[in-house]
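Working notes, structure below.
The values are calculated or read from the model by the stated rules, or taken from the named source; none is laboratory data. Just so it is clear, the model here is predicted, and its values are computed rather than measured. Every residue, glycine as well, gets a Cβ built from its backbone with ideal geometry; the counts of neighbours run over all protein chains shown. What goes into the accessible areas is simple: the full protein's heavy atoms, side chains included, and nothing from ligands, DNA or RNA. Shrake-Rupley method; radii C 1.70, N 1.55, O 1.52, S 1.80 Å.
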Amino acid sequence: QVQFVESGGGLVQAGGSLRLSCRFSGNPSAIPAIGWYRQAPGKQREWLAHVGIFGSTNYADVLKGRFTISRDNSVNTVYLQMNSLEPEDTAVYFCNTSPSQDSPWGQGTQVTVSS
């Protein structure tokens with residue numbers, strides 16, 4: 001199974017930016033698509049975006065174009081650039097295969113946006 005380790009979260013003011021990183025194990029060509037997910041307090045985990053092997057992307061409508069996902073197979077890392085952050089973006093952010101989510105969930109990285 002692929003292992004994922006998320007990093008880059010933190011505390012930021014509304015309107016600010018963060019870039020999250022997701023380091024994954026294994027052969028990148030064996031992982032068709034990797035996605036970012038988040039879980040806010042008291043809510044279910046939700047899918048945000050995914051990126052394919054060659055960089056094709058897809059996003060959830062809720063992001064309104066504020067986030068950008070990218071993938072660098074040379075360093076086994078997927079990124080999530082988050083701009084114009086809102087307090088509603090406060091959550092723990094995870095990565096996993098998409099859409100199957102068939103790898104163990106990692107610890108995630110906490111993002112807190114203050115108003």
Exception for Trp105 within (1) open to solvent by 40 Å² or more (accessible area, probe 1.4 Å); (2) in contact with a Pro (Cβ under 7 Å, 6 or more places away or on another chain) falls at (2)
Can you name every residue in the range 20-43 that is open to solvent by 70 Å² or more (accessible area, probe 1.4 Å) and charged (D, E, K, R)? Arg23, Lys43
Report, by residue number, each residue of the range 46-66 that is assigned to a loop (DSSP other than H, G, I, E, B), under 23 Å from Gly15 (Cα atoms) and not aliphatic (A, V, I, L, M). Lys64, Gly65, Arg66
The residue from Gly106, Gly15, Gly26 that alone is out of contact with any helix residue (DSSP H, G or I) (no Cβ under 9 Å at 6 or more places or on another chain), at pLDDT below 95, of a type outside the set (Lys, Arg) and at positive phi is Gly26
Name the residues in the range 44-67 that are within 17 Å of Leu85 (Cβ to Cβ) and either touching a Pro at 6+ places or on another chain (Cβ under 9 Å) or surrounded by fewer than 14 Cβ atoms within 10 Å (Cβ to Cβ) (or both), would you? Glu46, Val62, Lys64, Gly65
Out of all the residues in the range 85-94, is one or more at pLDDT 95 or above, outside any loop (DSSP other than H, G, I, E, B), in contact with a Gly (Cβ under 7 Å, 6 or more places away or on another chain) and farther than 24 Å from Gly52 by Cβ? yes
For the range 73-91, which residues satisfy the criterion of being without any contact (Cβ under 8 Å) to a residue 60 or more places away in the chain and surrounded by 13 or more Cβ atoms within 10 Å (Cβ to Cβ)? Asn73, Asn76, Thr77, Val78, Asp89, Thr90, Ala91
